[in-house]
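Scroll down for the structure; my scribbles are underneath it.
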Amino acid sequence: MRILIVEDDQEAASFLRKGLSESGHVVDHAKDGMDGLHLAESSDYDVLIVDRMLPRLDGLTMVEQLRGNGNETPVLFLSALGEVDDRVMGLRAGGDDYLTKPFAFSELLARLEALLRRKAPGQVQTRLQVDDLEMDLLQRTVKRADQMIELQPREFLLLEYLMRHAGQVVTRTMLLENVWEYHFDPQTNVIDVHISRLRAKIDRDFQSPLLHTVRGAGYMIRADTSAS
Amino acid sequence: MRTQALLSSTTFRLVILYLVLFAGSALALLSFIYWHSAGFMARQTDQTLAAEIKGLEEQYSRFGIRRLAEVIAERSRNSSQSLYLLASPNLRPIAGNISEWPDVSPRDGVWIDFTLTRETVNGAIEREARGREFRVQDRYGQVIARLLVARDIYERRRIEERILSALGWSVLITVALGLVGGVTVSRNIMRRLELMTETSQAVMQGNLARRVPISGGGDEIDQLGQNLNAMLEQIETLMAAMRQVTDNIAHDLRSPLNRLRTRIEVTLMREGSQEEYRRVLEETITEADNLIATFNALLSIAKIESGTSSQKMVLLDPAEIVQDIADLYEPLCEEKNQSLLCRVEPHLQIRANRELLSQALSNLLDNAIKYAGKGSSIMISLNAGHDGQTVELVVEDDGPGIDKDHLERVKNRFVRLETSRTQHGSGLGLSLVEAIARLHQAHFDLQVPESGKGLRALLTFETAL
């Protein structure tokens, strides 16, 4: 995937670049908003990582101009401003996701992944499937290997989010933000317990596990193709 | 310098303006009085003279010049105020108490003011007089004599002068009193303003504890002073909070940072295996994450406490928030073999911020789960207060609880009781709850439950209508 980083902190940018390259992405870097706007418009990127505070042209304005010119490349804002209001402003300017500094690299990676996949214009889905696990979004039922699985409403939302991002790492913060709509950090990791509960319902009585823990990052639901 | 300041002060200028207006109106009023008193007297004299001339004219036309001369001579003898002079056409005196025709050109029927010398017991004195000439004519229109009828207006003039000088003095006294009063008032106000300036300068120089003195009269300047003091109070509180934050950052971020640094340094001091490096780096990340969490918590508290948080308050039913948080933590309780009971009264309404209220409740519940221990029971209840004016949100557990003496202390930042040192946490959870409560104008209280066992956290909100 081609990623453009617009970030004025050289060192931070080079770390990002290194990390993303090692994860198999092609990375360009612009050091201010003007260069960023120019690069984003002149070549085709899959996702833009934009710092909010940039010299010459700030991140918000840059993305607004980009959107004004009809460029719909997904944008992930990076910012030291982490208030709910700042987040809302970022999303309103045309950003697709918002990450507050300092962040874990795994968090950034997971969110980029989610943005990249979302790029495909989503036709309205009524069914989700991962291996033999099926979810009917209209009837709100879940089946695995044709066996009905009873889920609580919140468990259903949790599984839906995981299945919509099947094959991608989903972090605890992403789950907290998207399934529970909380933007604060609970002191104890409550998400883990919800996951293990869900795992008990969808995986325990079956041969191959679908819901995997990705160490140091989060969770991923995927068909267990290999034995790894 | 002070005089300069006095002259340029707004109050003083106002005083001068009012003074001018006041003196002007006093002058107008007094002129009116003068016109009415002195003017009245003058008109009275003129009328009397006119009447007398008319009477004498009648005497003449009835009884002739001889009779007129007799009357004049008689009246001259009996009067000191009325003055008469009957003279021949060439102004030679015939009868009367004026010794010679005054030095004014004789004109018939016109009022004349003149001075004359009168003989009195004290000798000859100059007197002022006012009168009118009447030309005595025979039946052919020939002037046979000239009659001057006048009044000694010395007394009247004196009265007029008196009135005038009284008026002059009163204007002068008005102006003088106004000036003295104005200067006193503006001095007084200026002194009070000077005190404010002095206070603000002291504050600017860093003495935040200084306050504007209040005279206690409750006037506008006092009100301004009170507002300034309230403002200073707020600034001082904010500064204190800020200082506390920096102190806390120094205290709670410095030691883990130091730990972090030492760990890396020691690891680098000797050759280690790949695995060892890896383990140390992983530990370092965990430590960094904890640091970030503490830092974020500190920032949130500071933002909430400064009141500048842009978090919006809306009318909401807290039941939903309570239910959501209970659902979030319920699996955790189950895992720890704790029972979570949730008693929620629906249809209550408070003014709150969903995110912050959720966070506060999450912290309280987190604490209960963490410290109550395995097998304990935890209860969340939401109900209207006894008076119906409040909404009470309670998180109660039956764990070991907190010693009564420590109940207030644990709400302070970074306070972690010895018994809980083994648990993971920044020690900021309850301070965050306290800050959120204060932002919601709610009361946060930690109590020992009636059973004498465990801990009861109580948030009391005001019912919103």
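Evaluating 6.51 cos²θ - 1.76 cosθ + 1.60 at θ = phi - 60° for every residue in the stretch B:211-224, the Karplus couplings come out as 10, 5, x, 10, 6, x, x, x, 7, 4, 5, 4, 4, 4 Hz, glycine and proline recorded as x.
Grouping the Cα pair distances of chain B into 10 Å bins from zero gives a pair-distance distribution of 3, 12, 13, 11, 8, 7, 6, 6, 5, 5, 6, 7, 6, 3, 1, 0 percent in increasing distance order.
Peptide A:91-104 has a mean of 1 when you count, residue by residue, the C-beta atoms of other protein chains within 10 Å of its C-beta.
Of the residues B:Ala352, B:Phe134, B:Leu382, the one whose Cα sits farthest towards the positive end of the charge dipole of the protein assembly as shown is B:Phe134 (charges of +1 on Lys and Arg Cβ, -1 on Asp and Glu Cβ, taken about the Cα centre).
So what is the calculated 222 nm ellipticity per residue for chain A, using -39500 (n - 2.57) for each DSSP H run with n of 4 or more, over all residues, to the nearest 500 deg cm²/dmol?
Mean residue ellipticity at 222 nm (helix-derived): -11500 deg cm²/dmol.
Here the convex hull built on the C-alpha positions of the stretch B:286-373 has a volume of 113 cubic angstrom per residue.
How would B:Thr45, A:Thr171, B:Thr262 line up by accessible area, probe 1.4 Å, largest first?
Details: B:Thr45 25, A:Thr171 0, B:Thr262 60 Å².
Largest accessible area first, the list is B:Thr262, B:Thr45, A:Thr171.
Near A:Gln147, once Lys and Arg are set to +1 and Asp and Glu to -1 for all other residues with Cβ below 10 Å from its Cβ, the sum equals -1. From helices alone, chain B scores -19500 deg cm²/dmol at 222 nm; the rule is -39500 (n - 2.57) for each run of n ≥ 4 DSSP H residues, then divide by the residue total.
Once backbone amide H atoms are built at 1.01 Å from N, B:Ile144 has B:Val136, B:Gln137, B:Asp138 as its partners under 5 Å, excluding neighbours fewer than 5 places away on the same chain. Could you give the nm distance between label points at B:Asn90 and B:Ile144, where each point is 7 Å from its Cα heading toward the beta carbon? Taking the two extended label points, one gets 1.9 nm.
Rounded to the nearest percent, how much of the accessible area of the stretch A:127-221 (1.4 Å probe, protein heavy atoms only) is carbon and sulfur? Walk me through the intermediate numbers first.
Values: 1950 of 4490 Å².
Result for the stretch A:127-221: 43 percent of the exposed heavy-atom area is carbon or sulfur.
Along its principal axes, the stretch A:2-118 has C-alpha extents of 33, 33, 29 angstrom, given from the largest down. Counting Lys and Arg as +1 and Asp and Glu as -1 over every other residue whose Cβ lies under 10 Å from the Cβ of A:Asp9, the net charge comes to -2.
What percent antiparallel are the DSSP beta bridges of the protein assembly as shown, to the nearest 5? Each step should come with its number before you reach the end.
Values: 68 of 92 bridges.
Antiparallel: roughly 75 percent of the beta bridges in the protein assembly as shown.
The chymotrypsin sites (Phe, Trp or Tyr not before Pro) of the stretch B:76-150 meeting both criteria, a DSSP state outside H, G, I, E and B (loop) and at most 12 other C-beta atoms within 10 angstrom of the site's C-beta, are B:Tyr140.
Around the amide H of A:Val50, modelled in the peptide plane, lie the amide H atoms of A:Val6, A:Leu76, A:Phe77, A:Leu78, all under 5 Å away and 5 or more residues distant in sequence or on another chain.
For B:Phe295, the accessible surface of its heavy atoms amounts to roughly 90 Å² (probe 1.4 Å, protein chains only, rounded to the nearest 10). Which residues belonging to the stretch A:173-206 lose at least 30 Å² of 1.4 Å-probe accessible area when the assembly is complete, relative to their chain isolated? Residues losing area: A:Trp180, A:Tyr182, A:Phe184, A:Gln187, A:Thr188, A:Val190, A:Val193, A:His194, A:Arg197.
The convex hull around the C-alpha trace of the stretch B:317-415, projected and averaged over every direction, spans 7.0 square nanometres. Across all Cα atoms of the stretch A:127-221, the radius of gyration (one decimal) and Dmax (whole number) stand at 12.8, 38 Å.
Among the protein heavy atoms, those of B:Leu257 account for about 90 Å² of accessible surface (1.4 Å probe, every chain in place).
Ordered by solvent-accessible area of protein heavy atoms (1.4 Å probe), largest first, the residues B:Phe32, A:Phe103 come out as B:Phe32, A:Phe103.
Compared with the dominant principal axis of the Cα atoms in chain B, helix B:274-306 is inclined by about 30°.
Annotation: amide H-H contacts under 5 Å for B:Val344 (H modelled 1.01 Å from N, sequence separation of 5 or more, or interchain): B:Leu382. The 1.4 Å probe gives accessible areas that order B:His440, A:His38, B:His36, B:His386, largest first, as B:His386, A:His38, B:His36, B:His440. As a length-normalised measure over Cα pairs under 8 Å and 6 or more apart, the relative contact order of the stretch B:1-154 settles at 18 percent. Give the Debye-formula value of log10 I(q)/I(0) at each listed q (0.10, 0.12 Å⁻¹), with one equal scatterer per alpha carbon of the protein assembly as shown, two decimals each. The calculated log intensity ratios at q = 0.10, 0.12 Å⁻¹ are -1.12, -1.35.
Peptides B:278-284, B:318-324 ranked from most to least packed by the mean count of surrounding Cβ atoms within 10 Å: B:318-324, B:278-284.
What the phi angles of the stretch B:161-171 give under the Karplus curve with 6.51, -1.76 and 1.60, with θ = phi - 60°, is a coupling list of 4, 4, 4, 4, 5, 4, 5, x, 4, 5, 4 Hz, glycine and proline written as x.
Could you work out the local net charge near B:Leu228, counting Lys and Arg as +1, Asp and Glu as -1, over the other residues with Cβ closer than 13 Å to its Cβ?
-2
Going toward the positive end of the dipole of the stretch A:87-194, with +1 on Lys and Arg Cβ and -1 on Asp and Glu Cβ, which of A:Gln168, A:Val130, A:Pro153 do you reach last? The residue sitting most towards the positive pole is A:Gln168. Here B:Trp35 sits with roughly 140 square angstrom of accessible surface, probe radius 1.4 Å.
Checking an interface number: how much accessible area is buried between B and A, summed over both chains, with a 1.4 Å probe, in Å² rounded to 100? It would help to have the intermediate numbers written out before the result.
On the way: alone 28500 and 12270 Å², together 38590 Å².
Counting protein atoms only, the buried area is about 2200 Å².
Angle of helix B:429-439 to the longest C-alpha principal axis of chain B, folded into 0 to 90 degrees and rounded to 10: 30°. Across the stretch B:372-385, coupling constants 3J(HN,Hα) worked out from phi with the 6.51/-1.76/1.60 Karplus curve, θ = phi - 60°, read 6, x, 5, x, 7, 10, 10, 10, 10, 9, 10, 8, 6, x Hz, and Gly and Pro carry x.
The values are calculated or read from the model by the stated rules, or taken from the named source; none is laboratory data. Bear in mind the structure is a predicted one, so any value in this text is a computation, not a measurement. As a convention, Cβ positions derive from the backbone with ideal geometry for all residues, glycine included, and neighbour counts pool all protein chains shown. These accessible areas exclude ligands, DNA and RNA; they are computed on the full protein's heavy atoms, side chains included. Shrake-Rupley method; radii C 1.70, N 1.55, O 1.52, S 1.80 Å.
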